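Working notes for the structure below.
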Amino acid sequence: MWNYLIRRLGYGVLILIGVNLFTFILFFTVNTPDDMARLNIGGKRVTQDQIEKWKAERGYDKPLYWNVKEEGAAKLTETIVWERSVSLFALEFGRSDARAAVDIGHEIQSRMWVSLQLALPLFILQVIASTAFALLLVFFRHSRIDFWGVVLCVLMLSISALFYIIVGQFLFSRLFKLVPINGYAGGLDAVKFLILPIVLSLLSRLGTEARLYRAMFLEEIGKDYVRTARAKGLAESIVLFRHVLRNALIPIITSAGSYLPYVFLGSLVFESFFGIPGLGAFVIEAIGGQDFAIVRAMVFLGALLYIASYVVIDVAYTWADPRIRLS
Amino acid sequence: MPKFVFLWTDVVLYLLIVALAGYAWQVRRNANQRANWYKVLRDPAALSAAIVMLLFGAVTLLDSVHFRRALPPAPGAAADAPVFYSTTTDSLLDLMLARQYLMRETGYSEPLAYLGLNKEPLERDGQAVRDFPRLQHGGAHLADPARQRWPDIVARTASGIAIGLLVAAAFALLAAALLARGHGGLRSALRDLVADRTDVPWRAALLTLAVACVLIGPVVALMGHYHVLGTDRTGNDVLVQALKSVRTAFVIGTLATIATLPFAVVLGVLAGYFKGWVDEVIQYLYTTLSSVPNVLLIAACVLMVQVFLDKNPDMFETGLERSDLKIFLLCVILGVTGWATLCRLVRAETLKLRELEFVQAATAFGVGDARIMARHIAPNVMHLVLITTVLSFSELILYEAVLTYVGVGVDPSMNSFGGMINLARSEMSRDPVVWWSFAAAFGFMVTLVLAANLFADGVRDAFDPRARSFRPRVLRKPA
């Protein structure tokens, strides 16, 4: 298993290099450091001196990919692409390009916990709620409850998350005044700010997930061991909970696990709608302000988390099904 | 003679229709595919959804024929003077809605209102008062709107519904006439239609059409004199915006999926067929792509396109051409970043196919690799392509709204559901609440996405036998 994990991590590093190169080429060839300087200094008349100064301050004053002035290996290392990549791999994100020049690493650290507070309960509740709803439908399969339940799922997944947010905010914050419209506070106060986004996010994904899980359960329920269990005279609820649920865990883990990177990055839209200062809101602000340093750092972080979550999923497989051996 | 303008997305939509026609022709000749599509038709939900989609598709097509009107020649100009064209680009839909464009108010107004939403300083009988201003166009034909408005609206709605029902009845008769031969005469064909005893569930289809007619009739009857869905902040008719947004949604939904196909199919088949290092490289490519959170990747690409367009402002003659190129590039970006899922499926299927006897036979006969892939493998993965295409259509429409909210979607000058929702967000917190833009966007978008989802489910059930068993069915107890 360790062998497997090490191999997997090695592949992960390769992918990270690919992601990094890709974003670098994407950003720096279309948008040269000179353009970035001009954009960030602002104003109509920007002198070449100012641009040089800005570039020197941010460390953009080197060639992009290949330094002809240097000798040997320094041809490669004394370039922007090398310096930026190495610092990313060391998890030093540097400063943002905007005038305020915030320390990205520090921002990420402080915002990460906020995002987790929103996303972790959401993730857990999501899996529980979707599984419960799907099990209910499967328990009542071939009946009206199942039919209308699936109709409800299809209807729910046809509605954009934005509609849930706007209606939810309107009803619960404006009409009933149960929770504040948006904002965030630390400590226990956070609950009243987070409860509405969590519930709405849950609702907005319930249709998709529950329908998917239902299909997974139904696939299991047609198998021989279920018939055997029923033939033994087990009650339908025991068949479902003890046998079917256990065996459907594998596809559920795959499906829920693919959502794991977003747990850390935060639900972009929900955070920015509810004014929660997490990583998602950070990204949206950066996109709005065309701050490429932040976007690049977050792309890297996202890829890192994706790889990490895949390793977690693999380990979870072995827990859910002892027959699976990682090799 | 107007000058026709061919926007990027227009051309691709035309090509798409040609391709669809080609596909339909091919389906007609192939018994297997014909049987599968017949299954889709026999699913009442899918058939009804298809009709709704066709209606939206018609709006899209009307909105995809663009031209610039010729300006009247200057007085005293020579007869052979060059014709100048208007700077605005119109579509056929714009032409049909010309009256709605002329009915522009100055600010918010409720659906079917004759007064503006906000009080304004007015002069009445020589005195300055603050009151709700009368709308310039909405209900302007009424002398005493306070009393006449509701009777007028009811009368118009009723006549609209009546005409709608007549049209629906005409459709029913037409269907019966077409079925008459197989059902022994017109009368028994009608009876079979009502009792749902036809092979294809025409009753469901006709009911859908009837509902559509009953909805469209009153709207058409009212829209000449009222703003059926109200007006927005700058006095534009919300109904027009919603109709124009349909095209944006359709373009995103179709073009973005089509843009994924070349990568997904070619690379997927190559990876599955050659295995070895080709497979490794392609797997690496799509794992790398999918390891970046999608929204971030798209945002990054769109930002770059934005920078590129800002650097080259003189590439376009009109603003519409610019926003059109932007949405076209957005679709390309969605395609370039979104092919991983389908590629994975195609690769897995190809791995399975290449071991089958017919491929081995082809290899034994000395057929080349390229030919095997094109003639023997590609046609056999097409069902995956079809299922994925229809499934992702609705997802992309939903995605557009999110992207536009994040600020990396379509151009703000272009009507889109995302843009409408984005504005609705602040309108919902006004007092009094401006709910109609939101409601219009909601109604149109849910109808479109729901229809797309139901149609996609029908297609999946027909082409993927495994999916069929997950369909909810109410089992009747044996009597």
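Using the Cβ atoms and a cut-off under 15 Å, what net charge is assigned to the surroundings of A:Ser173, where Lys and Arg are +1 and Asp and Glu are -1? Kindly include the intermediate steps, with their values, before the conclusion.
On the way: positive: A:Arg174, A:Lys177, A:Lys192, B:Arg425, B:Arg430; negative: B:Asp431.
Charge balance in the 15 Å sphere: +4.
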Percent of all Cα-Cα pairs per 20 Å bin for the protein assembly as shown, counting from 0 up to the last occupied bin, reads 12, 42, 36, 9, 1
Listed pairs A:Lys53/B:Lys326; A:Lys53/B:Lys311; A:Lys177/B:Lys244; A:Lys223/B:Lys352 exceeding 27 Å between Cα atoms
A:Lys53/B:Lys326; A:Lys177/B:Lys244
Can you list the residues, at least 5 places off or on another chain, whose amide H is less than 5 Å from the amide H of B:Val5, using H built in the peptide plane?
B:His66, B:Phe67, B:Arg68
What does the average come to when, for each residue of peptide A:152-164, you count the partner chain Cβ atoms lying within 10 Å of its Cβ?
6
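Set the Förster distance to 30 Å, then compute FRET efficiency between A:Ser258 and B:Asp199 from the Cβ-Cβ distance, nearest 0.05. Before the final figure, lay out the partial values.
Numbers: r = 42 Å, r/R0 = 1.39.
It comes to 0.10.
Considering every Cα-Cα pair within the range B:8-132, what fraction, in whole percent, is farther apart than 21 Å?
70 percent
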With unit charges on the beta carbon (Lys/Arg positive, Asp/Glu negative), name the residue among B:Leu97, B:Leu47, B:Val154 whose Cα is farthest towards the positive pole of the charge dipole of the range B:30-170.
B:Leu47
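Quote the relative contact order of chain A in percent (integer), defining contacts as alpha-carbon pairs under 8 Å separated by 6+ residues.
Details: 321 pairs, mean separation 74.1, N = 327.
That works out to 23 percent.
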Starting from the Cα of A:Lys232, draw a straight line to each of the aspartates and glutamates and keep only those under 16 Å, dropping any in the same chain fewer than 8 residues away.
A:Asp224
By how many degrees, 0 to 90 and rounded to 10, does the Cα axis of helix B:436-463 deviate from the longest principal axis of chain B?
20 degrees
For B:Tyr226, residues with placed amide H under 5 Å, excluding near neighbours:
B:Gly139
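I need the shape label for the range B:147-306. Rule: rounded when a/c is under 1.5, else prolate if a/b > b/c, else oblate, with a, b, c from the alpha carbon gyration tensor.
Values: a/c = 5.26, a/b = 1.51, b/c = 3.48.
Oblate, since a/c reaches 1.5 and b/c is not below a/b.
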Three principal axis lengths of the range B:275-387 [C-alpha, angstrom, descending]:
57, 31, 26
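Report the charge-dipole magnitude of chain A in Debye, nearest 20, computed about the Cα centre from +1 at each Lys and Arg Cβ and -1 at each Asp and Glu Cβ. Walk me through the numbers before you get to the answer.
Details: 32 positive and 26 negative charges, 229 e Å.
Roughly 1100 debye, rounded to the nearest 20.
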Computed on alpha carbon atoms, what radius of gyration and Dmax characterise chain A, expressed in Å?
24.8, 85
Longest chain A segment clear of trypsin sites (Lys or Arg not before Pro) sitting in DSSP loops (not H, G, I, E or B) with at most 16 other Cβ atoms within 10 Å runs A:233-322
Explain nothing, just the number: relative contact order of the range B:331-479, from Cα pairs under 8 Å at least 6 residues apart, as a whole percent.
19 percent
Under 11 Å from the A:Asn182 label point (7 Å along Cα→beta-carbon), backbone N, the range B:414-441
B:425-426
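Exposed loop GluC sites (Glu not before Pro) only (DSSP loop, at most 14 other Cβ atoms within 10 Å): please give the longest stretch of chain B free of them, not including the sites.
Numbers: sites that count: B:Glu317, B:Glu355.
Longest gap between qualifying sites, sites excluded: B:1-316.
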Give the angle, between 0 and 90 degrees and rounded to the nearest 10, that separates the Cα long axis of helix A:245-257 from the longest principal axis of the Cα atoms of chain A.
20 degrees
Checking the range B:353-444 for chymotrypsin sites (Phe, Trp or Tyr not before Pro) in a loop per DSSP with at most 14 other beta-carbon atoms within 10 Å yields B:Phe365
Rounded to the nearest 0.05, what FRET efficiency do B:Leu356 and A:Arg242 give with R0 = 30 Å and r taken as the Cβ-Cβ distance? Could you check?
0.15
Cross-link partners of A:Lys192 among aspartates and glutamates (Cα-Cα below 20 Å; sequence separation of 8 or more within a chain):
A:Glu271
Express in whole angstrom the spacing between the alpha-carbon centres of the range B:130-149 and the range B:40-59.
40 Å
Over chain A, with a Gaussian network built from C-alpha contacts below 10 Å, which listed residue (A:Gly302, A:Gly280, A:Gly289) shows the highest mean-square fluctuation?
A:Gly289
In sequence order, calculated HN-Hα J values of the range A:4-18 (Karplus, 6.51, -1.76, 1.60; Hz; x Gly/Pro)
4, 4, 5, 4, 4, 5, x, 4, x, 4, 4, 5, 4, 4, x
Using alpha-carbon positions, what is the distance between the centroids of the range A:226-253 and the range B:110-124, in Å?
64 Å
Under the Karplus relation with 6.51, -1.76 and 1.60 and θ = phi - 60°, whole-Hz ³J(HN,Hα) for the range B:375-380, x at Gly and Pro, equal 8, 10, 9, 3, x, 7
Taking chain B and counting helices only, DSSP H stretches of n ≥ 4 at -39,500 (n - 2.57) each over all residues, the nearest-500 ellipticity at 222 nm comes to -22000 deg cm²/dmol
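Which net charge results for the neighbourhood of B:Val11, defined as the other residues with beta-carbon distances under 13 angstrom from its beta-carbon, given Lys and Arg at +1 and Asp and Glu at -1? List each step's numbers first, then the result.
Values: positive: none; negative: B:Asp10, B:Glu321, B:Asp324.
It works out to a net charge of -3.
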Among B:Trp436, B:Ile298, A:Leu91, flag the residue with its Cα farthest along the positive direction of the charge dipole of the protein assembly as shown, charges on Cβ as +1 for Lys/Arg and -1 for Asp/Glu.
B:Trp436
Sorted by chain and then number, the residues having a modelled amide H within less than 5 Å of the amide H of B:Gly107, at least 5 places away or on another chain, are B:Gly235
Taking θ as phi - 60°, what are the ³J(HN,Hα) couplings along the range B:235-247 by the Karplus curve (6.51, -1.76, 1.60), each to the nearest whole Hz, with x for Gly and Pro?
x, 7, 5, 5, 4, 4, 4, 5, 5, 5, 5, 4, 5
Can you give the FRET efficiency to the nearest 0.05 for B:Trp150 and A:Leu152, using r as the Cβ-Cβ distance and R₀ = 41 Å?
0.70
Longest principal axis of chain A (C-alpha) makes with the long axis of helix A:190-221 (C-alpha) an angle, in degrees to the nearest 10, of 60 degrees
Once the other residues with Cβ under 14 Å from the Cβ of A:Tyr164 are scored (Lys, Arg +1; Asp, Glu -1), what is the net sum?
+2
Mean other chain Cβ within 10 Å across B:465-473 is 5
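Read-outs throughout are calculated quantities, based only on the coordinates presented, and are distinct from any laboratory measurement. All of these numbers come straight from a predicted model, not from anything done at the bench. Glycine also receives a Cβ, built like all others from the backbone with ideal geometry; neighbour counts cover every protein chain displayed.
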